[in-house]
Amino acid sequence: MGSVDKLIRLIVAAIFVALYLLGVVSGTLGIVFLALAVIFTLTSLIGSCPLYLPFGISTAPKEKK
């Protein structure tokens with residue numbers, strides 16, 4: 001996972017948490033947003049997204065030989 005991908009995930013996670021804490025979203029949608037925020041944060045910190053593997057997607061920079 002590339003650094004831009006990680007940064008975008010962290011920003012989206014922060015937005016989801018802020019929307020929940022500010023009361024813009026609540027109830028089931030709020031819980032879904034918080035769950036997605038946790039998932040985005042964890043995948044960003046780990047540096048790998050399980051959904052990328054089956055599709056062969058990689059946002060990591062290509063290594064030079």
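The values are calculated or read from the model by the stated rules, or taken from the named source; none is laboratory data. From a predicted model like this one, the values you see are computed outputs, not experimental measurements. Positions of Cβ are generated from backbone atoms using ideal geometry, with glycine treated the same way; all protein chains shown enter the neighbour counts. Areas reflect the complete protein model, heavy atoms only, side chains present, ligands, DNA and RNA absent. Shrake-Rupley method; radii C 1.70, N 1.55, O 1.52, S 1.80 Å.
The angle between the Cα long axis of helix 27-46 and the main principal axis of the chain comes to about 30°, on a 0 to 90 degree scale.
Matching the structure-derived Cα extents along the principal axes in Å against the labelled list [x] 53, 22, 17; [y] 26, 21, 21; [z] 50, 21, 14 gives the label [z]. Solvent-accessible surface of the chain, taken per residue with a 1.4 Å probe and all protein chains present: 76 Å². Note on LEU22/ILE57: beta-carbon distance plugged into 1/(1 + (r/R0)^6) with R0 of 35 Å gives a FRET efficiency of 0.60. Which percent of the accessible area of the chain is formed by carbon and sulfur heavy atoms (probe 1.4 angstrom)? C and S atoms contribute 73 percent here.
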